[in-house]
Amino acid sequence: MIGTEYRKQILSRVGEIGKLSPETVKGYAALGGAGAKTGHLDAKTRVLIALAVAISLRCDGSITVHTAAAKKLGATKEEIAEALGVGISVNAGAALVYSARTIDAFDEAA
């Protein structure tokens, strides 16, 4: 199960990677903080988007880190569920588009 211990483990390993390759982690942190500098979305909205993306990418580390952040920022379970619903919808849409490509490939096959 992903939770507090897993989150601690991930953050520890990221810290280790930061020591081995500091510019990589600095670059990652810069990307993560870039959206916050525009001020167009609040932190809770950005983390809810991150959760929708995390389930799309199937990233347990992102799920545990961003879920904790969402909760800390006051996101409710219902808000998280709605954001996840958006991620589910986009994934279903992508599968539908790739299904259409499969039919195209079938029609074009010799």
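Straight-line reach only, C-alpha to C-alpha below 24 angstrom: list the lysines that Lys26 could link to, leaving out same-chain residues fewer than 8 apart.
Lys8, Lys37, Lys44, Lys72
In the set (1) 0.99; (2) 1.10; (3) 0.94, which value of Rg/Rh (Cα atoms, Kirkwood Rh) was calculated from the structure you see?
Matching the structure shown: (2).
Return the distance in nm (one decimal) between the two label points of a simple spin-label model at Ser89 and Ser12, each offset 7 Å from Cα along Cα→Cβ.
4.0
Hey, any idea what % of the chain's accessible area is carbon plus sulfur with a 1.4 Å probe? Mind dumping the intermediate values first?
Details: 5290 of 8300 Å².
That share works out to 64 percent.
Multiply the residue gap between Asp104 and Glu23 by 0.36 nm, knock off their C-alpha separation, and tell me the result in nm, one decimal place. Could the numbers behind the result be given before it?
On the way: separation 81, 0.36 × 81 = 29.16 nm, distance 4.34 nm.
Roughly 24.8 nm would be gained on extension.
Do you know the relative contact order of the chain, to the nearest whole percent, from alpha carbon pairs under 8 angstrom that are 6+ apart?
On the way: 60 pairs, mean separation 28.0, N = 110.
Here the relative contact order equals 25 percent.
Taking 0.36 nm per residue of sequence separation and subtracting the Cα-Cα distance, how much length would be gained by fully extending the chain between Lys71 and Thr4, in nm to one decimal? Don't skip to the answer; put the middle values down first.
Working: separation 67, 0.36 × 67 = 24.12 nm, distance 1.28 nm.
This chain segment gains 22.8 nm when fully extended.
Mind giving me the FRET efficiency for Ala36 and Asp60? R0 is 25 Å, r the Cβ-Cβ distance, nearest 0.05 is fine. Don't skip to the end; give the middle numbers.
On the way: r = 24 Å, r/R0 = 0.95.
So the FRET efficiency works out to roughly 0.55.
Tell me the angle of helix 22-38 to the major Cα principal axis of the chain, expressed in degrees between 0 and 90 and rounded to the nearest ten.
80
The values are calculated or read from the model by the stated rules, or taken from the named source; none is laboratory data. A quick note: this is a predicted structure, and the numbers were derived from the prediction, not measured. Glycine gets a Cβ as well: all are built from the backbone with ideal geometry, and neighbour counts include every protein chain shown. To get the accessible areas, we keep the full protein, side chains included, count just its heavy atoms, and leave off ligands, DNA and RNA. Shrake-Rupley method; radii C 1.70, N 1.55, O 1.52, S 1.80 Å.
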